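What follows is a set of notes on a single structure, which appears directly below.
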Amino acid sequence: MSLLRKREPLKTYCMPKLKPSHDTAVVEVIALSGFDKALAYAVPPTCKATLKVGSLVRIPLRRRSELGVVLRFGTEQVVPPGKLKMLFEVVQPYPVLPPDLIELFRWAQQYYAATPEAILETMIPAAIRKGMKPKTRRYISKGKVPTAEALEALEKRAPKQAALLKFIRQQIKPLPRADILKAMKLSASACDGLVTKGFLRETDTEEERVAYGDELGSEETVVSETRPTLTDEQQAAVSSINDAIAADAFSVRLLHGVTGSGKTEVYLHAIEKIVAEGGGVIFLVPEVALAPQTVGRVRARLEARGVHTVVWHSHLSEGERYDAWKALASGEAHVVVGARSAVFAPVQNLKLMIVDEEHEPSYKQEESPRYNGRDVAVYRAHINKSVCVLGSATPSLESLYNVERGKYAVDRILNRVDHRQLPKIHLVDMRREGLSGKGPSPISRTLADKLVDRFEKKEQSILFLNRRGFSTSILCPDCGYVASCEHCSIPMTFHRTDGKLRCHLCAEHREAPFKCPECQSVNIRKKGLGTQKIEDIVQKILPRAKIVRMDADSMSKKNLYRKILNDFRIGKIDLLVGTQMIAKGLDFPNVTLVGLVDADKSLHVEDFRAAERTFQLIVQVSGRSGRGDRAGEVVIQTHTPHAPPIQFARKSDFDGFQLEELEQRREFNYPPFRHLIRHLFRGRNPDKVNFYIEQWLKVLEEEMDGQLEIRGPAPAPIEKIRDEYRFQLWYFAPSASRVIQKIAALRAGFKMDKDVIDLIDVDPMNMS
C-alpha cells in the first residue's frame with residue numbers, strides 16, 4: 001500500500017488561529033495526495049525559521065492532514081479573506097527537494113505525463129515522508145568523582161552500582177550503555193541510579209546506518225596498495241572528461257569502451273577531480289547486484305580522502321535510506337552510488353552524473369512514473385550545468401544517434417587493460433547437437449568439455465540463461481494440453497524446488513500434475529529450459545564442483561547475492577549459473593569460461609529492439625571472461641547461428657552491427673529517428689476495451705491530425721495478465737515533449753468506463 005495514501009485525521013492537530021496581517025508569510029505547496037496544482041498556505045511564526053523552498057510540510061487538506069512540498073514563497077493565487085489556512089509543521093530539518101530537484105520534478109511530470117503524487121513518491125523516500133528521525137545511541141562516561149564514603153556506601157547497599165561505577169571510571173572514552181549493561185548483566189536501574197547521583201554522565205549520539213558497512217562490506221572495499229597506471233586510451237578519456245568538467249557547462253560524453261577496458265577507473269579519476277573541488281557526484285548502476293562492487297571500489301579510492309560515499313537503492317532498509325538521504329541533504333556526503341532511483345538523490349553542488357551500462361533497459365521504470373534513469377540523469381545534468389558521462393561496451397542506438405547528431409561527444413577505449421585479449425568465442429549450432437544417437441542436450445559437448453577442463457585447472461566459469469525455473473512449460477504430447485496460467489496468456493513454469501507450477505506475471509501457483517488433466521495420459525512432459533534444470537545438468541557433469549544458482553528465485557534473502565558474489569570472488573564457488581543479474585558489470589579475474597546456453601532466446605520476441613538486445617547481451621556476458629591474467633573463452637549455443645546480431649557479436653564488430661541496425665531503424669522510422677509513445681488499454685471485458693479505444697482514436701485523429709503517426713490498435717504481445725485483456729496503440733512523433741502534454745490533456749477530458757484502465761508510456765523499453 002502506498003504510504004502517501006495513509007492520511008491522518010485533521011483532529012490530531014491543533015489548527016492555529018490566523019489573524020490577517022500585512023506581514024503574514026505565504027507559500028505555495030504541492031500536496032502529495034493527487035492534487036495537480038499548488039495550494040497557498042500561511043506560515044505560522046513557529047515555522048518561519050526552518051521553512052525553505054523544497055521543505056516537506058504537513059498541511060490541512062480536505063479535513064485531513066496531508067504531506068506537501070513547498071514550491072515557492074509568495075503566491076499569485078487570490079485567496080478570499082479568512083480562507084487562507086496555516087500549514088502545521090515542517091516534517092524534516094532539510095529540504096526534501098532542493099531547487100534543481102524542483103525543476104526536475106516539473107520536467108518529469110510533464111515529459112512522462114505523470115501525476116505529481118507519482119513523481120513525488122518516487123523522488124522522496126518513504127522514510128523521509130514518514131518523518132523518520134536519526135538513530136541515536138546512548139553512551140555513558142565518568143561524572144563527578146565520588147568520595148570514599150560514597151563508594152563505601154555503594155559497595156554495601158548497591159554492589160552492582162559500585163561494580164559498574166568502578167568499571168566506567170577505568171575507561172578513557174564513553175561506552176555504549178546497552179552493551180555495558182548486557183555484558184555486566186545489569187538492569188537499567190543500576191545505571192539510572194548512578195546518573196541521578198551524578199557519578200555517571202549519559203550522552204545521546206547520532207549513529208549512521210551505513211549500507212554495506214558490515215563484514216561483507218569490508219571484503220568489498222579493498223584498498224589497493226598501488227594505483228593502476230592508465231593506458232593511453234584511458235588517459236585520453238580522463239583528459240576529455242576533465243576538460244568538460246573545467247568548462248563548467250552542461251555536456252554529455254559517451255564513454256564507449258570494450259569489456260575489461262577499465263571504464264570504472266576512468267570514472268574514479270573524474271570523481272576524484274570533482275570531490276577535490278567540493279563538487280557532488282551521482283554514480284548510477286543498472287542492477288542492485290552491481291552496487292556492492294561499485295561502492296567498494298569508490299570507497300576504497302575516496303575514504304582515504306575523508307570523502308563520505310553513500311548507497312541508494314530499493315533494497316536498503318528504511319533506516320539506511322534515511323541516513324543516506326540525511327548525509328546528502330546536510331552536505332556531509334558528496335558521492336552517492338545506486339540504482340536508477342539514485343538519480344533523484346539530494347546531492348549538493350552536483351557536478352558529475354555517471355550512468356554505467358547506459359544501454360540497460362533496467363534504467364526504465366515500468367510502474368508510474370515510467371521514467372528512464374539515464375534520460376533523467378542527462379536532464380538533471382542540464383539543469384545543474386554539469387557533466388553527464390554515459391558508459392557502456394555496447395551503447396544504445398539512441399546514444400549513438402545523439403553522437404552522430406553532435407549532441408553528445410564520444411570517447412572510445414578499444415583495448416583491454418594490460419593488453420589483455422578479448423575472449424575467444426566458439427559458436428555452437430545446437431541443431432547439430434540433436435543429430436547424435438543420445439538425443440539433444442541443453443549443454444553441448446563443446447561446453448561440457450570446457451567446463452570440465454576449467455574445473456580441473458581450478459579456474460571459474462559462468463553459465464548464463466535468462467530464464468528462471470526448471471522447465472518453461474508442461475505439455476501432453478497425446479492431446480496437446482499445455483499447463484497455462486488461468487489468469488494470464490502464458491504457460492506456467494515448473495519449479496523443481498517445491499514441485500509447483502508458477503506464473504511469473506501474476507504469481508499464481510499450483511501443484512504440477514503427474515498426468516494430463518485433459519486426457520489423463522501419463523506421458524505428460526516438461527519442456528524448455530530454466531536455470532534450475534541447467535544447475536542439475538551441470539552438477540552431473542561436475543559432481544565435485546561447488547555450483548550456485550543466482551536468479552530471482554534463489555536471491556530472496558537480503559544480502560544473499562552479496563555473499564555469493566564474495567564467495568565467488570575468493571574462489572569458494574567454482575561455477576555460477578544465473579540470469580540477467582550476472583550478465584554485466586561484474587569483474588572476476590579468475591573466470592576464464594562463459595557459456596550462453598540459449599543465446600538467441602531474446603531474438604525471437606515481438607520487439608523492434610530484439611536484435612539490439614541480443615547483440616548487447618552476448619557481448620556483455622562474453623565480457624565476463626578473461627578479465628584476469630589468463631585468457632578467456634566463450635561458448636555461444638544457438639539454434640540460429642547465422643542471425644546477424646550473433647555473427648556481429650561473435651566478431652566483436654560493434655560498428656558493423658550499429659550500421660546495419662540503424663539502417664533498418666531508419667527504413668521503418670523507428671527510434672532513435674522518432675520518439676515512440678505506447679498507449680496501453682486493459683480491462684476484463686475485451687469488447688469494452690476495444691470500444692473505448694475506437695472512441696479515443698476518433699478524438700485523437702480529430703485533435704492531433706498531422707502531429708503524430710498512430711499505429712494500432714492491436715493486442716499486446718502478452719494479451720492477458722491478471723484476467724485483464726490488453727490492447728495497445730503506438731504514437732510516433734519527431735519530439736515526444738511537443739505532443740505528450742496535448743495527448744495528456746485530451747485524455748484528461750476523455751470519459752472512459754472505470755472498468756477500463758489505460759497508461760501512457762513515453763519512450764518505452766518493454767513492449768510486452
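Every read-out reported here was derived from the displayed coordinates using simple, explicitly stated rules and does not represent laboratory data. Treat the numbers as computed from the prediction; the structure is a model and nothing was measured. So basically every Cβ, Gly included, is an ideal-geometry build from the backbone, and we count neighbours across all protein chains shown.
The figures follow:
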item: Label point distance in nm, T115-D179, each placed 7 Å from Cα along Cα→Cβ; result: 4.7
item: Among I636, S65, L427 - extreme Cα towards positive end, dipole of the chain, charges at beta-carbon; result: S65
item: Listed peptides 373-383, 183-193 by packing density, highest first (mean Cβ within 10 Å); result: 373-383, 183-193
item: Residue-by-residue Karplus 3J(HN,Hα) for segment 567-572, coefficients 6.51, -1.76, 1.60, Hz, glycine and proline x; result: 4, 5, 5, 8, x, 6
item: Karplus 3J(HN,Hα) series, Hz, for segment 722-727 with 6.51 cos²θ - 1.76 cosθ + 1.60 (x for Gly, Pro); result: 6, 6, 10, 7, 10, 10
item: Shape of segment 284-335, Cα gyration tensor, a/c cut at 1.5; result: oblate
item: Average Cα contact separation per residue, the chain, under 8 Å, 6 or more apart, as relative contact order %; result: 10
item: Whole-Hz couplings from phi, Karplus 6.51/-1.76/1.60, listed for segment 531-537; x for Gly and Pro; result: 4, 4, 5, 4, 4, 4, 5
item: Of K85/K326; K533/K720; K144/K173; K166/K197; K458/K601, pairs whose Cα-Cα distance is over 25 Å; result: K85/K326; K533/K720; K458/K601
item: Long-range amide H partners of L463 with built H, under 5 Å; result: L576, V577, G578, G595
item: FRET efficiency, 1/(1 + (r/R0)^6) with R0 35 Å, evaluated for K742 and H639 via beta carbons; result: 0.15
item: Gain in span if fully extended, S735 to E76, counting 0.36 nm per residue against the direct Cα distance; result: 234.0 nm
item: Cα gyration tensor, segment 339-392 - rounded (a/c under 1.5), prolate or oblate; result: oblate
item: Hypothetical label at L759: residues of segment 660-704 whose amide nitrogen lies under 19 Å (7 Å Cα-Cβ projection); result: 676-686, 689-690, 693
item: Net charge of Cβ neighbours under 14 Å - reference S737; Lys, Arg +1; Asp, Glu -1; result: +2
item: Nitroxide proxy distance, nm - points 7 Å out along Cα→Cβ at Q647 and I172; result: 7.4
item: Dipole in debye (nearest 20) - the chain, about Cα centre, beta carbon charges: Lys, Arg +1; Asp, Glu -1; result: 2800
item: Reach of K563 by Cα under 18 Å, taken over aspartates and glutamates that are not fewer than 8 positions away in the same chain; result: D214, E215, E219, E220, E287, D551, D553, D574, D587
item: Relative counts (whole %) of C-alpha pair distances in segment 322-367, using bins that are 10 Å wide; result: 24, 49, 25, 2
item: Fraction of beta bridges assigned by DSSP in the chain that are antiparallel (%, nearest 5); result: 55
item: Relative contact order (%) - segment 223-419, alpha-carbon pairs under 8 angstrom, separation at least six; result: 35
item: Prolate/oblate/rounded label for segment 223-419 (Cα gyration tensor, a/c 1.5); result: rounded
item: Candidate lysines for bridging to K263, where Cα separation is under 21 Å - those fewer than 8 sequence places away on the same chain excluded; result: K273, K351, K584
